[in-house]
Every structure is written in structure tokens, then in C-alpha cells.
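Reviewing the structure listed below.
The values are calculated or read from the model by the stated rules, or taken from the named source; none is laboratory data. Not measured: the values here are computed from a predicted model. Every residue, glycine among them, receives a Cβ derived from its backbone with ideal geometry; neighbour counts consider all protein chains shown. Please note that ligands, DNA and RNA were not included when accessible areas were found on the heavy atoms of the full protein model with its side chains. Shrake-Rupley method; radii C 1.70, N 1.55, O 1.52, S 1.80 Å.
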Amino acid sequence: VDTLSVVGAHKASLAAQFHALAMSRLFRALALGAHAGWFLVADAWETMGGEVGWQRSSAVPPWKPHTGSIAVTLPDSGKILLMAGQAGLHGGATFDCFNCTSEVWSFEPEGEVWEDLSAEVPWDPRWGHSSVVVPDGTVWMLFGCCERGKPTVMLRDVWKYNPAAGLPWTKVDSAPPFEGVQATSVALRGSDELWVCGGWSQHRGTLSQVVVFSTTSLQWTVKSEHGQAPWQHRADHATVISSDGRWLYLYAGQHRDEKTGNWFRLKDTWRVELPEARSQDWQRLGDLNAARSSVPVLAVGPRWVLALGGHFVPDDEEIATTQADVEGMKQHHATKPFKVYNDVLAMDLASAGKPQWRVVEPDAPWPARDDCAASVGKDGSVFLFGGGTVYGGGGYLRDVWRLPAPLVAYGLPSERTKADAGGEL
């Protein structure tokens, strides 16, 4: 099989699909005319600068600017849920949960319609939480910071929600085999396995434990205890599982040295074979182009994962004060050098050998940001929501960006080629 022919045909096919999708939206807008403002709303995405076609929503989002939200896409309706987060200046540094939110917003991308679903939310305001949606449309949300009125007590609750099935937010009676945590990563394997890695514990610091939660049996299984995996324990990292369920990938984040108390941002990437996930079987892969933390996970198609945004702080960071010194913590975060990113990287999870990261867009048209929410839409578009530009929280962005057909935009094939397969197909 000729590799260039396969890739060229694939790009042409995706481009045709992209054109058909755009024309169908235009036809819908024209057909509906001015009914309920459909024509004006459907035409509200503005194509911005850059070569790949990022678009910005011209509608101002109705939610309060904040950071640390999580976005998930509902498989039936294609609506995107934006959940929780925090809005206090340097609030992430002080565990200021009084500025956290329990808001849930629904976003319909086709018409850029927002709906406030917060009224019936029973769980406490939080940030540093994790959330995934399983194939039946159930949204699972886990952990975060902090218990109401207890700024340094992390949450260990688990909730589920399925609007299509009429299931309201429901607390799950299944406590994890560890204390309250935040800034973990959660990745879905199959239809019911939530793989929980790392995180931050107020008692133990950054973590490296690997635990699996079954959404069917509601049972927890510890795959490796804290300290057993070879990678540096971390929080605010990212994990993704390959579409065939064979590999768990872990990358980025921030690590706190338990002896010195110093913090380090990370650029390493690791993987382990599933379902065994033996601690001795972790393999180190190629690094990201720069150390960073708080990167959203974007699995695009069956083989690609994108990494974008995040932040970096120089490796000599030493916090000389304690958590109880709120003003001291704020001062530290206000004066420490802080870099945010607006590049986009891609890694091919289906490549032969060990996958490597590549920079596919060094300077995206959206403002650099940390701890933003992002999700892949039902049509395959990438969506980006808000984020911050100040260390620990602040300089919040109140915007929504979309990249239609990211595989076409970045020239990434969705099917394996002869080169990917090591010369064989």
C-alpha cells in the first residue's frame, strides 16, 4: 500500500466530510430563516487568524469568568456540559473554596445556546475535580477541593448524572480506598472502567497511586499503591487510554518533592499495558516540548490525543510559607514567574513502537491560558472554554473557541498507514 496515496485519500475524504458538514449547517440556517434567531446564531462563529481554522464564538458566555471547569460531551444530544471551577484571585494557592462554584452549564454548539442547569445540583462547589462520560450518556464526577467550610479538606465523593435517561445528580454509595483528593486524572476504558491516577492529598502531597473504579459493580481495585510506579508522583496531569483499551498513557502535571517541599512542572510521558497495569511495566516515552501542568485531555478519533495550553513555573519554586498564611501564599503566587501556553501538540497512540509528541501548532490564535476546559464535540470538533492567566487563579478568560475537523486542520491521518504499521498492513 502506498503511504502517500492512503494519507492523501484520507485527507480528501475528511475534507469532503468537513465541507458537507459546513454546507448542511448553512442550509439549516437558511431554511430556518429568522425563526428564533437561528440564522444569526448559526452564523455567529468567527474564523480567527492562523492557518488551521480556529473559530471564536461571538456570543458572550453567560457564566462567571473562572478556571478549573471540566467539560464533557453528551453522546446523544452532542451538548457539552461545563461543570464547577473556581474564581478567586490566587484561590488555587489558598484552597479558597468560598470562590468555587457548583454551576453546571449546557452548551449546544450548533446554535451556541447556553442553558443553566445549576438549580438542581446537590453537590458542593468545587474545583480540582474530575469527570468523564460513558457510552450510555452517564456523566461521572469525582473528588475535588474542598468540603464546604473546610478549605483544606479534599472531597472523596462520587456522583453520576444522565439527563437523557432522566437521572438527576445522584451520589454513589461507594467510598474510594483512599482519603479525599483533588487534581487526579480519570480515563475511561471500555464502557465502565474509570482509571484514577495520581492527584493531590493534603496528608501525603502529590500521589502516584493507580486505582480502578467499576461503574457497574461500584467496586474499587488498587492496581498500584502510592510510590510503586516509576514516574514522579504528580497532580494536575493528564491520562488517556488508547481506543483498543490496551494502553494507559500519562503525561505532564506538577510534582512536589516530599523532602524539600519544592514544586516542579513535568514534561515526561509514560504508558503501561492494561488491564494488568503492573507497576514494573511502565514505559517512558518521549517528552512534551516543554514542562507544563493543567493540560486538558482531547482524544480525537481512534488514534490521536491533543495537548494544549497549561502553565509552567521555574523549577526553583520553593514555598517558604504555610497554607495557613493566606496573604503569604497570595504574595508568593503574585511574584513568582508564571508562563502560560497557546501551542497544540499531538501524539499518535496507534503508531508502531513508542509514540512521540509533535508540535502541530506552535502559536494558536486563542490567548495563552492555564487550566481551561476542553472537549471533543459529537462532530469531532475541538472546543475550548475559558481558563486563567494568573498563577493560582486570576486573569480569567471568558471565551469559547472551536476547531472544526482537527485531523484535517493538522494533517493527521485517522487510519493506520504502511509507515505506521512498521512497513506492513
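Does G386 count as part of a strand (DSSP E or B) and at pLDDT 75 or above? Even if it seems obvious, please write down each step before you answer.
Values: part of a strand (DSSP E or B): yes; at pLDDT 75 or above: yes.
Considered against the rule, which asks whether it is part of a strand (DSSP E or B) and at pLDDT 75 or above, G386 comes out as yes.
Give region 347-389 a look and list any residue that's buried (at least 22 other Cβ atoms within 10 Å of the Cβ), touching a helix residue (DSSP H, G or I) at 6+ places or on another chain (Cβ under 9 Å) and closer than 15 Å to V240 by Cβ, or say none. Selection gives V382 alone.
Just wondering, is there one or more residues in region 209-228 that are at pLDDT below 95, of a type in the set (K, R) and more than 23 Å from G353 (Cα to Cα)? Outline the logic, then answer.
Residues of region 209-228 at pLDDT below 95: none.
No, the conditions are met nowhere in region 209-228.
Scanning for something farther than 15 Å from L74 by Cβ and of a type in the set (D, E), does region 125-144 turn up at least one residue? First the steps, then the outcome.
The first filter runs over region 125-144 and keeps only residues farther than 15 Å from L74 by Cβ, leaving 125-130, 142-144.
From the residues that got through so far, the ones that are of a type in the set (D, E) too are none.
So far as region 125-144 goes, no, none of its residues is farther than 15 Å from L74 by Cβ and of a type in the set (D, E).
Is there a residue being modelled with pLDDT of 95 or more, at positive phi and out of contact with any Pro (no Cβ under 9 Å at 6 or more places or on another chain) anywhere in region 257-266? No, the conditions are met nowhere in region 257-266. How about region 146-182: which of its residues are in contact with a His (Cβ under 8 Å, 6 or more places away or on another chain) and among the hydrophobic types (A, V, I, L, M, F, W, C)? The answer is L155, and nothing else.
Apart from one condition, G137 fits all of (1) closer than 24 Å to P65 by Cα; (2) within 21 Å of the chain's Cα centre (by Cα); (3) not in a strand (DSSP E or B); the exception is (1).
Working only within region 81-96, note down all residues that are at pLDDT below 95 and in contact with a Lys or Arg (Cβ under 7 Å, 6 or more places away or on another chain). Full working, then the answer.
Let us first name the residues in region 81-96 that are at pLDDT below 95, namely 85-96.
Hits for region 81-96 are A87, H90, A93, T94.
Residue count for region 98-134 satisfying the condition of being part of a loop (DSSP other than H, G, I, E, B), surrounded by 19 or more Cβ atoms within 10 Å (Cβ to Cβ) and among the β-branched types (V, I, T): 1. Among the numbered conditions (1) open to solvent by 50 Å² or more (accessible area, probe 1.4 Å); (2) modelled with pLDDT of 95 or more; (3) at positive phi, the only one that G310 does not meet is (1).
With respect to the conditions (1) assigned to a strand (DSSP E or B); (2) within 20 Å of K64 (Cα to Cα); (3) free of Cβ contacts under 8 Å to residues at least 24 places away in the same chain, G395 lacks only one, and its number is (1). One residue stands out among those in region 412-425 that are in contact with a helix residue (DSSP H, G or I) (Cβ under 7 Å, 6 or more places away or on another chain) and open to solvent by less than 30 Å² (accessible area, probe 1.4 Å): the one that is modelled with the highest pLDDT, which is P413. When the test is whether a residue is open to solvent by 10 Å² or more (accessible area, probe 1.4 Å), under 21 Å from G68 (Cβ atoms), at pLDDT 95 or above and charged (D, E, K, R), D287 does not pass it. Pairs meeting the criteria (first residue in region 56-80 and over 23 Å from G380 (Cα atoms) and modelled with pLDDT of 95 or more, second residue part of a loop (DSSP other than H, G, I, E, B) and open to solvent by less than 40 Å² (accessible area, probe 1.4 Å), beta carbons under 8 Å, at least 6 apart or on different chains) are lacking.
For the condition open to solvent by 20 Å² or more (accessible area, probe 1.4 Å) and either farther than 21 Å from P296 by Cβ or modelled with pLDDT under 95 (or both), what is the one hit in W159, W169? Write out each step before concluding.
Details: W159 fails: either farther than 21 Å from P296 by Cβ or modelled with pLDDT under 95 (or both).
Testing whether each residue is open to solvent by 20 Å² or more (accessible area, probe 1.4 Å) and either farther than 21 Å from P296 by Cβ or modelled with pLDDT under 95 (or both) leaves just W169.
Kindly indicate whether T152 is surrounded by fewer than 16 Cβ atoms within 10 Å (Cβ to Cβ), touching a strand residue (DSSP E or B) at 6+ places or on another chain (Cβ under 9 Å) and free of Cβ contacts under 8 Å to residues at least 12 places away in the same chain. In short, no. The condition of being over 16 Å from the mean Cα position of the chain (by Cα), modelled with pLDDT of 80 or more and of a type in the set (D, E) holds for only one of D363, D343, that being D363. Out of T170, T138, one residue alone is in contact (Cβ under 8 Å) with a residue 60 or more places away in the chain and more than 25 Å from Q228 (Cα to Cα). It is T138. Determine if region 380-387 includes at least one residue that is of a type outside the set (G, A, S), in contact (Cβ under 8 Å) with a residue 12 or more places away in the chain and touching a Cys at 6+ places or on another chain (Cβ under 8 Å). Yes.
For residues in region 257-272 being more than 18 Å from N289 (Cβ to Cβ) and either surrounded by 21 or more Cβ atoms within 10 Å (Cβ to Cβ) or not basic (K, R) (or both), which is nearest to the chain's Cα centre (by Cα)? First the steps, then the outcome.
Our first condition is that a residue be more than 18 Å from N289 (Cβ to Cβ); within region 257-272, this holds for 257-263, 271-272.
From the residues that got through so far, the ones that are either surrounded by 21 or more Cβ atoms within 10 Å (Cβ to Cβ) or not basic (K, R) (or both) too are 257-258, 260-263, 271-272.
Working: D257: 25, E258: 26, T260: 30, G261: 27, N262: 25, W263: 22, R271: 18, V272: 20 Å.
Here the answer is R271.
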